[in-house]
């Protein structure tokens, strides 16, 4: 388990602000969190060095690029050998339509969030790719009807 980084109130305000808008200038960030520009810069570098802050990205609206269908897919494995698990997880990491993958406790082994264009696109991926993987025994799919909440911000 990872060791928890000790955050103070200014660190928390910096993290909250950067999760809201990572393109904010250091000067605007300093004003927003009530610290000096140099202090903010040093704190950001320390948070990056500790692995608290990782890569900076821009979020894309999936619907605007023709990928507005979200499918939640449960996967049950044929077995749980180290080789089978590694092969499946490597496969998952290689597939751009699989946005998230979680190993799970309970009846299902994995939970995937898959972004596709439409139902036909998903059916093609499911039947010709995902269910043909030698480690996969079965899957169950659930189509999201709408998005009630979506955030990438971690509460700090």
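Every residue, every condition in (1) farther than 30 Å from residue 6 by Cα; (2) touching a strand residue (DSSP E or B) at 6+ places or on another chain (Cβ under 9 Å); (3) at pLDDT below 95; (4) surrounded by 14 or more Cβ atoms within 10 Å (Cβ to Cβ), yes or no:
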residue	(1), (2), (3), (4)
62	yes, yes, no, yes
75	yes, yes, no, yes
90	yes, no, no, no
93	yes, yes, no, no
98	yes, yes, no, yes
104	no, yes, no, no
110	yes, yes, no, yes
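Considering segment 82-156, the qualifying strands (runs of 3 or more DSSP E), each wholly inside and each with 1 or more residues that are free of Cβ contacts under 8 Å to residues at least 24 places away in the same chain and touching a helix residue (DSSP H, G or I) at 6+ places or on another chain (Cβ under 8 Å), run over 98-103.
Checking each residue of segment 51-60 against the condition of being touching a strand residue (DSSP E or B) at 6+ places or on another chain (Cβ under 8 Å), outside any helix (DSSP H, G or I) and surrounded by 12 or more Cβ atoms within 10 Å (Cβ to Cβ) gives no match. Applying the criterion of being in contact (Cβ under 8 Å) with a residue 12 or more places away in the chain and within 22 Å of the chain's Cα centre (by Cα) to the residues of segment 3-12, the residue that is surrounded by the fewest Cβ atoms within 10 Å (Cβ to Cβ) is 5.
The values are calculated or read from the model by the stated rules, or taken from the named source; none is laboratory data. This one's a predicted model, so the numbers in the text were calculated from it and none came from an experiment. No Cβ is skipped: glycine too gets one built from the backbone with ideal geometry, and neighbour counts run over all protein chains shown.
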